[in-house]
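Structure, as C-alpha cells:
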Amino acid sequence: MFQYYLKLSWLSIKRTPMLSALMVIAIGLGISVSITVLTVDYLMSKDPLPGKSHKLFHVQLDTYNKGNTDSAPGGLPYQLTYQDLMNLSRSEIPSKQSRSLRSGFSVIPEKVGLTPFSRSARVIDNDFFEMFKVPFLFGSPWEDEVNNKAKKVVVIAKRLNDKLFDGENSVGKTINLDKQLFTIVGVIDTWEPTPRFYDVNNGAFSDTEQLFIPFSLIPVLELPSWGSNNAWKSEVFESYEDKLRSETMWLQYWVQLDTKAKQEEYREFLAGYVEQQRPLGRFEKEDAKTDIKDVVQWMENNRVVSDDNSVLVGLSFMFLAVCMLNTIALLLAKYLKRAPEVGVRRALGASKLEIFTQHIVDVGLIGLAGGALGLLLGQLGLLGVKSLYANYERLVNMDLTLIATAIGLAIGASIIAGLYPAWLICRTNPSIYLKTQ
Amino acid sequence: MLKMNNIKKVFRTDLVETHALRDFSLQVEEKEFVAVTGPSGSGKTTFLNITGMLETFDGGVYELDNEDVSKLNDKQRSRLRNEKIGFIFQSFNLIPDLNLFDNVDVPLRYRGFNAKERKQRIENALERVGLSARLKHLPSQLSGGQQQRVAIARALAGDPRFLLADEPTGNLDSLMARQVMQLLEEINQQGTTIIMVTHDSELARRAHRNIHIVDGQVSDYQDLQPVLDVAEA
Ligand SMILES: Nc1ncnc2c1ncn2[C@@H]1O[C@H](COP(=O)(O)OP(=O)(O)OP(=O)(O)O)[C@@H](O)[C@H]1O
Ligand SMILES: [Mg+2]
C-alpha cells in the first residue's frame, strides 16, 4: 500500500505543481535556517575525543587570597601558576600528563624567497600527543627525558612542513625559531580539533598551533605567553625568574586518570597539596577549592557553546514553526481540492485510516523534498556563517548525522503539519462530494 | 440480502431540520433488480448512501446479509463496502488523473489483491464493458457513455453482490442510456443485485420491481415477489 500511496502522491504533486512547490519552499526555508544553526551548535558541543574525553582532566586550584574570587564560571581560575604546575607534575597518580602554554616564535625560513613570519607554538610535555590522539605523519614525539631536561626539539604541523619543506619528511632537519636552531623530531598530520578543547580559553575555535616544543624550555628560553595571564597580586618582576615564582596564572595542566579510583585519589592529592602549601603562606582561603574537570565538563564550564547559540536554536525552531503553519494552510487548500476524489475512494471501500495514511505519506514525500531543498539552502547559510565569523570556519561542515537530522526534521515537521489536514479530509462525509456536479 | 426497518435520517443545518427518510422500511432479495423513483428531494440518494454505508442514520435497523450495520466501526464498514457493494454515480466520478486501468484498480487496491490478480480482474472488468482496448486512456479522453461504462467496470471489478446506481443514465443521451441499461441488465442476469435510482420511467419499467419514494417514505410498498417469479414471467 505504501508504494501505492507514493504513486498517488507523485500524481498529486504533478497535478498541483504550484501548491506543491510552495510547500517545498516553505519547508525548505524553515529547515535551512534550523539546520544552519543546529550545525554550528552541534559541532561546537560535540565530544572531540569520543571514548577518551572522560579520562582526561583539566586541573584547577583556587590560589586567590581572601576576599578575591576568580570571575570564571565556578569561581576557579582557568589557569595555574608555574610553581604549582611544577609541584603537581611530580605526582605519579596520572598515567599521563601534560603541562601546557601558548607561546610563539618568528620562523626564519632557509628557503629562498620566503620572508620571516610569526607562528604560535604549543609548549607541552610529550604525553600531549598521545593523550589527545594527535596523528603523526613523520617521526614521533620527543623522548621522555626531554620533559625534564630542556632540548631544542620541535614537532611541526603538516601545513608548516608543506610551506618550509614542500611536504617532504623533514625529521632531522632544523628550523630557525627566534634565531635559535631547533631539530625537527616529528611532523603531525592535519589535526584541527573543533572545538580546540585543550585550550578553550585562548580561542576555542581558532586554529591549532603549528609548532610544538618541550615545556622544559620555558625557563631556558624565557618564553613569553601568547595567551592570557591572570594575576590578583601586584608583584613586580625584575627577572623571568620572578614570574616563575609569582602567583600569576598563565599555564594549563592536563592529566589522564583512567579509573574512578584514580580520579578520587587525585582529588585527595590536590586537597593534600593545598594543605601542604598553606605553611608557605599560600592558599589563604580556608575553603580554597580544587577541581578536576574532564574534556566535556571543561567545555561546558567554559561556555564553549554560548547561550546566544541556544537562543538562536530556539529562534530557528520558531521560524520553522511559522513555515510549517504556512504549510498547513497550503495543505488544507490542496486537500480540500482533492475532497471529491476522497469521496470516490471512500465509496469504493477506502477506510478513514487508509485515507489518512495516504495523506500522511503525501506530506512525508513533500517533507522529504523540502528537507533536500533545506540542505541545499543550509549549505548557503553555512557559507554565510563562514564569511561572517572567520574563526567558525571549521564548524561549518555537515556530517551524515546532520544530513539525517535535516531530513528527519523535515519529514517529522511535515507529518506534524499534515496531521490536521489529513484528519480533516479523512473524516469529511464522502456523500457530499458524490452528489451530481 | 438487504433489510431496512424504520430507518430515520435527519439532516440538521443551522436552523433547518430535514427529515430525509422517515420510518423507511424495505427488503431487497438476492439477484433482484430494483428501480427507485420519486420526486426530487424525496430521499432517493440518501437511501442509496445509507445502503452503501456512506452515510449514517438516526434510527431503525439496517441489516446487510444479516449483519447489523450500525454496530460496525469504520474499518469494518469500509471492508464490507469494498467487498459487497459497487457504486455508480450520475456524474461517473472517475478520478481524472488516473487512466482507465488505474481507475478500475482503486477498489482492488483497498481489497489487498496482489498485482497479478488485480491486473487480471481489471482486464476482465474492462472487457465486460467493452473497453479493454483503452487501458491507458484518461477519463477526459472518453465520451460520457464510455466513462459510465468504465465506472461500471470499476464497480464490478471486485465482484460485489450489490450494485448501487444513482441515476446512472442521467447525464447520457437516450441511445447511450439504453446501452448502459442493457449492460446493467446483463450484469443483473449474471447474478448481481442492482438497486438503481432513476427519473426515467421507461428504464424503471425494465426492472423487476419499482419502489416509489415520496417524502422520505416508500409510497406504495408492495409485498415482495420472489425474484425468479418476476424473471420468469
Ligand atoms: N448533506 C445534506 N445536508 C442537508 N440536507 C440534505 C443533505 N443531503 C440531502 N439533504 C436533504 O435531504 C433531502 C433528501 O435529499 P436526497 O438527495 O436524498 O434527494 P433525492 O431524492 O436524491 O433528490 P434528487 O432526485 O434531486 O437527486 C432533501 O431535502 C435534501 O435537501
Ligand atoms: Mg439524488
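General observations
- For chain B, the 222 nm mean residue ellipticity estimated from helices alone, with every DSSP H stretch of n ≥ 4 adding -39500 (n - 2.57) and the total spread over all residues, rounds to -11000 deg cm²/dmol.
- Taking the accessible area of segment A:198-303, probe 1.4 Å, and keeping the other protein chains in place, the carbon and sulfur fraction comes to 48%.
- Over 25 Å between alpha carbons, listed pairs A:Lys46/A:Lys386; A:Lys149/A:Lys243; B:Lys8/B:Lys71; B:Lys3/B:Lys31; A:Lys52/A:Lys386: A:Lys52/A:Lys386
- Computed about its Cα centre, the charge dipole of the protein assembly as shown is approximately 1300 debye, with only Lys, Arg, Asp and Glu carrying charge at their Cβ.
- Highest mean packing comes first when the peptides A:277-285, B:153-161, B:115-123 are listed by Cβ atoms within 10 Å, giving B:153-161, B:115-123, A:277-285.
- In a DSSP loop and with at most 16 other Cβ atoms within 10 Å, there are no GluC sites (Glu not before Pro) in segment B:51-103.
- Those chymotrypsin sites (Phe, Trp or Tyr not before Pro) in segment A:214-249 that DSSP places in a loop and that have at most 14 other beta carbons within 10 Å: A:Phe237
- Per-residue extension of 0.36 nm, minus the Cα-Cα distance of A:Lys233 and A:Ile416, leaves a gain of 59.9 nm for this segment.
- The phi-based Karplus calculation (6.51 cos²θ - 1.76 cosθ + 1.60; θ = phi - 60°) puts the 3J(HN,Hα) values of segment B:104-117 at 5, 5, 3, x, 6, 4, 6, 6, x, 5, 7, 4, 5, 5 Hz, whole numbers, x for Gly and Pro.
- Cα shape, the protein assembly as shown, gyration tensor, a/c 1.5 rule: prolate
- When the convex hull of its Cα atoms is viewed from all sides, segment A:63-288 shows a mean projected area of 13.5 nm².
- Lys/Arg +1, Asp/Glu -1 at C-beta; the protein assembly as shown dipole; positive extreme among A:Ile425, A:Pro141, A:Phe237: A:Ile425
- 10 Å Cβ neighbours from other chains, averaged over peptide B:75-83: 4
- Label positions at A:Gln83 and B:Val61, each projected 7 Å from the Cα along the C-beta direction, are separated by 10.3 nm.
- Couplings 3J(HN,Hα) for segment A:155-170, derived from phi with the Karplus relation 6.51 cos²θ - 1.76 cosθ + 1.60 (θ = phi - 60°), are 10, 10, 7, 3, 4, 6, 4, 4, 6, 8, 10, 6, x, 7, 5, 9 Hz, where x marks Gly and Pro.
- Under 20 Å from A:Lys66, Cα to Cα: lysines that are on another chain or at least 8 residues apart: A:Lys233, A:Lys285, A:Lys289
- Interface size A-B, as summed buried accessible area [1.4 Å probe, Å², nearest 100]: 2300
- Across peptide B:94-100, the average count of Cβ atoms from other chains found within 10 Å of a residue's Cβ is 3.
- Taking amide H positions as modeled 1.01 Å from N, with prolines and chain starts lacking one, the residues under 5 Å from B:Ile88 and 5 or more places away or on another chain are B:Leu164, B:Ala165, B:Asp166.
- Rounded to 5, the percent of DSSP beta bridges in segment A:63-288 classed as antiparallel: 75
- Near B:Ile213, the amide H atoms lying under 5 Å from its own belong to B:Thr37, B:Gly38, B:Ser219; only residues 5 or more places off or on other chains count, and H is placed 1.01 Å from N.
- For A:Ser316, net neighbour charge (Lys/Arg +1, Asp/Glu -1) across residues whose Cβ lies under 13 Å away: -2
- Extension gain (nm, one decimal) between A:Lys179 and A:Glu300, 0.36 nm per residue minus Cα-Cα: 39.5 nm
- Rounded accessible area per residue of the protein assembly as shown, 1.4 Å, Å²: 45
- Simple spin-label estimate for B:Asn124 and A:Asn65 in nanometres, 7 Å along Cα-Cβ: 10.2
- Look at the dipole of chain A built from charges on Cβ: of A:Ala369, A:Leu380, A:Gly30, the Cα furthest out on the positive end belongs to A:Ala369.
- Antiparallel DSSP beta bridges within the protein assembly as shown, percent to nearest 5: 65
- Environment charge of B:Ile122, counting only residues whose C-beta is closer than 13 Å and scoring Lys/Arg +1, Asp/Glu -1: +4
- Net charge of the neighbourhood of A:Trp232, taken over other residues with C-beta under 12 Å away and scored Lys/Arg +1, Asp/Glu -1, is -2.
- Per-residue mean of C-beta atoms belonging to partner chains within 10 Å, peptide A:338-345: 4
- Each residue of segment A:309-314 was assigned a 3J(HN,Hα) from its phi angle through the Karplus expression (A = 6.51, B = -1.76, C = 1.60, θ = phi - 60°), giving 5, 5, 4, 4, 4, x Hz with x at Gly and Pro.
- Farthest towards the positive end of the charge dipole of chain A, among the residues A:Ile411, A:Pro219, A:Leu257, is the Cα of A:Ile411, using unit charges on the Cβ of Lys, Arg, Asp and Glu.
- Computed packing ranks the peptides B:5-18, A:123-136, A:99-112 as A:123-136, A:99-112, B:5-18, most packed first, by mean other Cβ atoms within 10 Å.
- A:Leu336 paired with B:Lys75, simple spin-label distance in nm, labels 7 Å along Cα-to-beta-carbon: 3.1
The values are calculated or read from the model by the stated rules, or taken from the named source; none is laboratory data. Being a predicted model, the structure only gives us computed values, none of them experimental. Note that we place each Cβ from the backbone using ideal geometry, even for glycine, and neighbour counts take in every protein chain shown. Areas reflect the complete protein model, heavy atoms only, side chains present, ligands, DNA and RNA absent. Shrake-Rupley method; radii C 1.70, N 1.55, O 1.52, S 1.80 Å.
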